[in-house]
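Contents: one structure, followed by commentary.
Please treat every number below as a calculation from the coordinates, not as lab data. Quick caveat: nothing in here was measured; it's all calculated off a predicted structure. Neighbour counts are summed over all protein chains in view; Cβ atoms, including those assigned to glycine, are modelled from backbone coordinates with ideal geometry.
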């Protein structure tokens, strides 16, 4: 590990301190009042103490960032620091700050706190503070951090600084500690009935999955393992073979949902529901990028909700590069789906390929335009029996905490040019193949 | 620790202390009462149960009003600018105390308070203010430290708020302080305070001084302040009764002769201030004549001393008296000198031989009245030293005797040479630079236009006064021709007149008023025969002048209160006194006579006795030391201190070097001196080696114990407790070491219970002893259980089991 860089500069109160010292000196010289000479001596003493303190402070300081691997956009990321003081002197008022780029203000030009709008992942560098770290002690502190958008949140370095005791000189020690956190898309609470309408009912309760582990139908026999219920022991076979043999049962097929994110093009339409527009909650239009981000967020929200309800979820993405996921239900699978959504690059979209873009009846298509209203009884199908289409423009119809939409939109300002450009593009495949039923229009 | 609450309390205390100190420096009890009450109430209003603050706009309006009041105070009331600025900053602080305060307001409040203390330091020389200033500095240090803490937390909080999305502002950061934070901070503050104090003292001593200040130190120059009683450059007779004056010390007088301090209670001295040689008939006022003023010669002190030194050598002066006068709070141009209390035949007048001062470079000296005056007002606390020859025994004036003139006597007006006298008024008026052009029309000036009439005429009921004087001296068997310039009996005549007044007139501060149109002095001499010292001095001067003897009235102090602790006289405002100087002719010069009955004056000036008087004496002595060493610290004292320090360092270093060298030489010759055998050298060496090893072991034990205490996180406990616990809990450290050797490290932040639980969950069988030992740890550490034999046995067993299980990876 490379030795940390050290930097000392005039602190925030340094100018004021020097100014007051100058005033006292001028007053002392002008009035020749001896008490003011003594007062000036005190200020000089404070300055010398500050210089000495700056020289010896933060020696033996070790800072380690403790951070989770994942978090969700808009939610607090627990960013903790472990501060160890290996010197023989205590440290006071230690301020920790994340840094990116070159120099103290590098975060304004580089890193997740730079840029504006959609490019800005953090509003600014997270700051943490520890009042006191005793000699030989280790303490912890944390910085509030709330990523504004999905993606990889990269940390470069930690800047630990202290201007104890008089804020005259600020000493900063820079620890290079690269780190990475994958920020999942915004997660919303999906309306209770929506998932019931989206899950496929084919085979539900009729077909069985060819895998053991359930309690439904007989699957086969195997040797007894510690932990198996004694009820599952096949006593006849056991008596015949002389070894404990247990029965295995099948499990019923759980509901399934195949998500298709159609992000090939953004429709040339205004965003915000009619109701929202009337209420003045949204303005005339949001950008295409906002709509696409809503698509991703809606997909992530559906995945999380489906996982909690035991759904098997598969996912395909049309447009940006993203692996296809077969329907499965596990925590690992859910995490993999969210990671794929988090890392998806909407700026680089693959050209449309005919075969891969074919949609099945059971698919749930999410795209950036208006969507169809799922029928109250099962999967709403048109006469032709096409997939359900969820439109990001009707976002409030699918999620309950729609007020949080403002957070997403703040992080994704309008990109009118993109919207205008998309006006010239054809309708997405889902809209072309299957006319959305009951679209809000 | 609640840093915010502590910081708010410190700021409140600091601001309030600044306001109180400023009011005290200004000597304004009314302002102290009002501002102190308003300031104290602010804590209840803003921090009390209601916790209300005034809106920001009201503070801004108040600030504008304060600015307007500052302008009004400076323009209309002509108050001193420092005091006016002090009022302004005080008003701003009081308003801000009631306002809602962020870090910005707190920093403004601290700077305003500091500015106010700067102003107060200019205004005050009192030791009480010095104590307040020291306390203020200590509180300010604590406040600044706490402000640093809280502002750092606020800065972090603000940065996080800015970074957070709208409506998701994070909570204020919690105080993450390790154990012993308060204690460490206290130690740091003490060390910082000590270092700053030492550096401040060094800067105070070494910082160069110019000695010249356009600001009147120690004076608030408030035009509304009541006129000080006591010493004055003029005497206005009449005007009814006068008070005794305040007992506030005016100056301290330290007398030395041949390097020995002199003075005691029964040996009073007169502190000579102004010589008043002209009497204004219209307003019954004694003042210094323009003839004397014109004789003032402005010269540098070095030149004056050179001249005085030459004169001293020429006169073969025997012995020197030296007076060190420390003015506490002055606004005078007069430089006080010292004369002995006159005997029956008067005493020798003041004759300057040397003058030293750091705050003055030029002085005006008049050979006519032997008065030193500063070219500018001496303000505030300062000190100067002057010397004069030891008093010469007076001998009766005998014109026939050919005795040489005694040295060290202020010469008679007739003995002054032409170059010592001022030019005539006509010549002076002809000079373009003469500052008294407006006096040409004054009829009184002609009377003192030359040395023939200097202090020799009396114009109020001259015949009547002369008749009285002649009657008195004739009763004493003397006589005098009023037209004669000097007679050999003048000194006897003056003595007789003074004795007459002392015997026949009574001292009374009530000062009976004269009739309408009557001169108060005439009323004193012929009707009331009662009055205060000014009337006695004026009466003697008037009678002497009426019979042709030059006389003038002197104002100053009678120094009779001797501080035995410090070895100096304390002169108070109430010790103001007036006496008379009479020109007894060539060869004798001006002599001092005091016609006031001494018993009554002594009774009036006597200092109270008792416990409180002793306490007061002690306080005044400390305050005098404060003024001498701090307030009136001047260039000469600076040089003295620096030289003393340099000498001490030089001599100490030389002595140290000599001692080291001597020790080295002795060590070199030790074997020769001791003549030790080989065995003795071996035994001695062995003993020394053993001693060194023992010391090393002790040092190692100390550091091991210290490290053990730190590892067990017992540093916050009292020393006795942590020593005992570190000994009893040693087994836990052995267990940790054992685990560390096998790759199981407990981070400092993890509690022992968590650590044990984590290990047990990973492998219950392998780390079962860890759980048991941790339970024992908690029993002893927090349950205060003793480390008895049973526990020792269990600990040994668990450690043995752990040693076995931890090395056995198959478990």
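Structural remarks
- Cα gyration tensor shape for segment B:454-586, rounded if a/c is under 1.5, else prolate or oblate: oblate
- When peptides B:496-505, B:36-45 are ranked by their average number of other Cβ atoms within 10 Å per residue, the highest-first order is B:496-505, B:36-45.
- A Förster radius of 51 Å, combined with the Cβ-Cβ distance separating residue B:680 from residue B:43, puts the computed FRET efficiency at roughly 0.10.
- Computed over segment B:566-696: relative contact order in percent, which uses C-alpha pairs under 8 Å that are six or more apart: 11 percent
- Peptide B:188-198 has a mean of 4 when you count, residue by residue, the C-beta atoms of other protein chains within 10 Å of its C-beta.
- Test item: A:77-84 mean partner chain Cβ contacts at 10 Å: 1
- Relative to the longest principal axis of the Cα atoms of chain B, the long axis of helix B:181-206 makes an angle of roughly 30 degrees.
- Difference of contour (0.36 nm per residue) and Cα-Cα distance, residue B:701 to residue B:236: 159.0 nm
- For chain B, averaging the sequence separation of C-alpha pairs within contact (under 8 Å, six or more residues apart) and dividing by the residue count gives a relative contact order of 12 percent.
- Projected label distance in nm at residue A:154 and residue B:285, using a 7 Å step from Cα toward the beta-carbon: 9.0 nm
- Inter-chain shielding of B:643-650 (mean C-beta neighbours from other protein chains, 10 Å cut-off): 0
- 0 to 90° range, to nearest 10: angle between helix B:678-711 axis and chain B longest Cα axis: 80 degrees
- Three-way shape label, segment B:44-144, alpha-carbon gyration tensor, a/c 1.5: oblate
- Folded to 0 to 90 degrees: helix B:635-668 orientation relative to chain B principal axis, Cα: 50 degrees
- Using the Cβ-Cβ distance between residue B:642 and residue B:168 with R0 = 56 Å, the FRET efficiency computed as 1/(1 + (r/R0)^6) comes to roughly 0.35.
- Gain in span if fully extended, residue B:745 to residue B:526, counting 0.36 nm per residue against the direct Cα distance: 67.9 nm
- Sorted peptide list for B:559-568, B:87-96, criterion being average Cβ within 10 angstrom, highest first: B:87-96, B:559-568
- Here the contact order of segment B:58-212, divided by its residue count and restricted to Cα pairs under 8 Å and six or more residues apart, works out to 16 percent.
- Each residue, residue B:462 and residue B:191, gets one label point 7 Å from its Cα in the Cβ direction; the gap between the two is 8.5 nm.
- Shape class of segment B:6-97 from the Cα gyration tensor (axes a ≥ b ≥ c, square roots of the eigenvalues): oblate, since a/c reaches 1.5 or more and a/b does not exceed b/c.
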